Structure formats: structure tokens, C-alpha cells
Amino acid sequence: MDRIPILRMGDLLLVTIQVDMHDRLASALQDDLTGQIAEVSAKGVLIDISSLDIVDSFIGRMLANTSAMARVLGAEAVVVGMQPAVAITLVELGVNLSGVHTALDVEKGVEMLRNRIGFPERDDTDVRF
Amino acid sequence: MNTSIANLLVSQRNEIFQEWMHQQLSSEAMRADLISEADLRTESDRFLEVISRAVQSGNFNDIRAPEYKPVLEMLERFSRSRGFQGFTPSETATFVFSFKQPLFNALRKSGNSEPAEQIENVWAANLLIDKLGLYTTEMYQQSREEVIRRQQEEMLELSTPVVQIWEGILALPLIGTLDSARTSVMMETLLQKIVETRSELAIIDITGVPTVDTLVAQHLLKTVAAARLMGADCLISGIRPQIAQTMVHLQIDLSEVTTKATLAEALRFALKRSGRATQSKDFRE
């Protein structure tokens with residue numbers, strides 16, 4: 001079965017959604033992501049949807065749920081790179097994603113997360129840096 | 001029945017044409033400043049030709065029938081050109097209606113002594129010409145509406161400029177009433193520009209919006225929500241005191257949006273938020 005790759009960048013996780021979502025893929029992503037957040041104790045999650053041209057209320061709800069799940073596990077989630085047409089569609093569908101942080105692109109998303117969660121503390125046991 | 005009219009239009013064609021021309025040239029509706037006599041002659045001749053061909057079918061009622069197609073096409077072209085030349089609708093329709101008198105005169109001179117038949121002929125011709133006259137007015141109206149529609153579209157394109165006023169700051173000065181068509185154009189251009197310029201802040205200035213009702217407010221909030229979904233924040237500026245009062249009376253909730261009284265104030269706020277100092281010496285440099 002298809003899986004959406006989750007990339008790790010320090011204490012941030014990057015998820016790039018490039019294919020059409022359906023409910024099994026969505027729940028697989030949520031399983032993987034929550035598992036990863038817990039495993040690496042990630043502080044931030046970037047969900048990049050810049051390659052999605054079409055979204056429906058299902059994906060809208062999936063995004064809201066996924067970022068709520070991340071928040072429960074102590075990580076900030078940011079949805080980045082939403083296309084104009086997608087934003088218009090979601091607003092027309094009445095999906096406002098309140099409570100979800102958004103950013104224009106991955107770079108700005110990282111910047112935003114850094115402002116919110118700060119840079120990772122260097123300690124002797126941390127081998128990542 | 002009515003074959004006599006069809007025959008008359010063929011046999012008496014020249015007399016009818018002369019009388020009609022004479023009448024048109026001397027009538028009040030004649031606009032020598034807008035159209036030359038030669039052009040009018042060509043048009044009249046053409047009308048006479050297509051109508052006499054159409055009535056040969058014996059159909060005097062249904063102008064949508066195929067045999068009237070050339071007549072309607074000729075009248076449509078005629079109305080359009082008259083509209084562009086600056087004729088009024090009644091002057092345009094008079095062209096068709098003025099055809100009645102020469103036609104009736106010809107009928108009278110035709111020597112038909114049967115009153116009932118004559119009346120029937122007159123009535124049929126009357127109905128037909130009325131219909132054609134009304135069709136002319138309809139076409140005139142239609143061409144005018146096309147002009148209005150085109151102008152509206154042009155205005156729509158002109159009326160939603162998105163300007164970048166600072167690095168990362170866009171401004172959208174709105175002028176005129178906001179309806180749903182304009183809002184969607186506005187939303188699209190704004191969001192597109194946000195992507196192009198990677199701006200995180202957009203100032204929607206509504207100084208030029210005369211009234212804000214619940215619908216307009218809803219359109220504004222939709223735009224703000226869409227920009228937020230993409231990761232950009234919107235400020236709304238230029239809310240006049242009366243509009244602020246109306247908004248509160250209408251219980252429009254703008255608590256989710258940052259609002260400022262003037263564009264300058266909004267720009268100051270935006271600069272501060274993006275980490276730029278706003279002391280005056282910064283601007284002088």
C-alpha cells in the first residue's frame with residue numbers, strides 16, 4: 001500500500017502530500033506521523049500541500065485532525081504551501097481550519113516554527129547536532 | 001389570402017420605395033447628421049427586398065419562421081449599427097414603422113373594392129410591421145446591453161489592483177460596491193499575488209467602498225480566511241466612522257481580523273509586525 005514519506009529535519013518532521021488522499025492513506029499517515037512524533041520527540045510538523053490542486057472537505061478535516069493530533073503529542077503543526085484555488089475552495093466549503101497554523105512555503109513554515117518553539121537546546125547527550 | 005400584399009410589393013415596388021424614401025427624408029426622425037441619404041437608400045432598398053421575398057410565402061404571423069430569417073438578420077444588423085451611430089430606439093424603430101404608410105397607400109390604390117378583404121389585408125400588414133418594429137427595438141436593446149456587459153467586465157478587471165507596497169506587504173485598495181463576482185476576482189488576484197511575492201501580510205483598504213452590509217462583510221471575511229489558509233494575514237483598513245457604527249449595529253464580527261482606521265496606520269502596524277522599525281529616519285534613508 002502507498003505510504004506518505006515523513007522526513008525528519010532535526011526536531012521537525014516534514015510531510016509532503018503529493019497524491020490524492022483517501023481515507024486509508026489518511027489514517028496510515030496519521031498512524032505513521034503520531035508514531036514518529038512520539039519516537040523522535042519532534043517539536044514541530046510541517047505538512048506541505050503545495051502539490052495538491054484539488055482538495056475536498058475530507059482532506060480539510062484530515063488536515064485539521066492531523067494537526068490536532070500533533071498538538072496533543074506536544075508538537076506544533078503548520079500547513080504550508082496551499083494553492084490559491086485550494087484556499088478558495090476550502091473557504092467556500094466552509095472549512096476554515098481554525099486552530100491550524102499556516103505558512104506560505106516550507107521556508108516560512110520552518111521560520112514560524114522556530115519562532116514558536118525555539119531552536120533545539122544543545123546538550124551533551126544530543127548527537128543530532 | 002394576403003397574396004395581394006405580396007403581389008403589390010413586387011409589382012408596385014418602385015412606387016412604394018419612392019414614397020417611403022420621400023417620407024423618411026422629410027420625417028422628423030430623419031437624422032441627416034448621423035446617416036447619409038445614400039446609406040438610408042441602400043438600407044431601405046435592402047429591407048424592401050428581403051421583406052417582399054419573405055411575404056411571398058404567405059406567412060404574415062410568425063416572424064420566427066425560416067422564410068423571415070433574412071429579414072431578421074437584416075434588422076439585427078441594422079439595429080446594431082444604428083445603436084452605435086447614436087440613434088435613439090424610437091428613431092430606429094420608426095424606420096420599420098414608417099413603412100406602413102406607403103404600404104397602405106399602395107393597398108388603397110390597388111383597386112380592390114371589397115372592404116372586408118381590404119381591412120383584412122391592412123390588419124395583416126399592420127401586425128407584421130408591428131412585430132418587425134418591436135424586434136428592431138429588442139435588438140437595439142440587446143446591443144446596448146452587450147455594451148454595458150463589456151464595460152462591466154472591463155471595470156472588473158480595472159478595479160482590483162493588488163500592489164506590493166513593501167517587501168512582504170501587499171495592499172488591495174477597493175473602490176466601489178463589493179458583490180460576489182467582484183469578490184471572487186479580488187480573492188483570486190490577491191491570493192495569486194501572495195504566492196508570487198511570498199508576502200505574509202495583505203492590507204485590504206476599504207476607503208472607497210461606499211457601504212458595508214452583512215454581505216460585503218461576509219465577502220471580506222471569506223477573503224481573509226482564504227489568505228489565512230495560505231499562510232498570509234490580512235489587515236482591513238479605511239473603515240470610516242459611519243461604517244464602523246453600521247458594522248457594530250449589524251453585529252458583524254470582525255474580532256478575528258486586525259482592523260485599522262487608515263491605510264497609513266495599517267502600514268505602520270504591518271512594518272512593525274514584520275520587524276521593521278517605523279521611525280521617520282528610516283524612511284528618509
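What follows draws every value from the coordinates through simple rules; no lab data is involved. Given the structure is predicted, the values throughout are model-derived calculations rather than measurements. Cβ sites come from the backbone with ideal geometry, for glycine too, and all protein chains shown count toward neighbours.
Some observations on this one:
- Of the two radii for chain A, the radius of gyration is 0.97 times the Kirkwood radius, both from the alpha carbons; that is the Rg over Rh value.
- Alpha-carbon centroids, the stretch B:61-80 and the stretch A:46-70: separation in whole Å: 58 Å
- Estimated FRET transfer efficiency (B:Glu138, B:Arg13; beta-carbon r; R0 30 Å; 0.05): 0.60
- Reachable lysines, given that their alpha-carbon falls under 28 Å from the alpha-carbon of B:Lys69 and they are not under 8 places away in the same chain: B:Lys100, B:Lys131
- Under 5 Å, built H, 5+ apart or other chain: amide partners of B:Thr258: B:Ile236
- Between B:Arg31 and B:Lys109, the simple spin-label model (points 7 angstrom out along Cα→Cβ) gives 3.1 nm.
- Under a 5 Å amide H cut-off, with hydrogens placed 1.01 Å from N, A:Val45 pairs with A:Leu13, A:Glu76, A:Ala77, A:Val78 among residues at least 5 apart or on other chains.
- Computed from label points 7 Å out along Cα-Cβ, the spacing between B:Arg149 and B:Leu127 is 3.2 nm.
- Annotation: the antiparallel percentage among DSSP beta bridges lying fully within chain B is about 20.
- Equivalent ellipsoid semi-axes, chain B, via Cα gyration tensor eigenvalues times 5, rooted, Å: 67, 18, 16
- B:Arg64-B:Glu256 FRET efficiency (beta carbon distance; Förster radius 51 Å; 0.05 resolution): 0.35
- Coordinate range along principal axes, alpha carbons of the stretch B:21-113, Å, largest first: 42, 31, 21
- Restricted to Cα atoms, the protein assembly as shown shows a radius of gyration and a Dmax of 35.5, 123 angstrom.
- Mean residue ellipticity at 222 nm, helices only, chain B: -21000 deg cm²/dmol; runs of at least 4 DSSP H residues each add -39,500 (n - 2.57), and the sum is divided by the number of residues.
- For B:Lys193, a cut-off of 26 angstrom between C-alpha atoms picks up these lysines, skipping any fewer than 8 places away in its own chain: A:Lys108, B:Lys222, B:Lys260, B:Lys272.
- Computed from the C-beta positions of B:Arg46 and B:Asp179, the FRET efficiency with R₀ = 56 Å rounds to 0.85.
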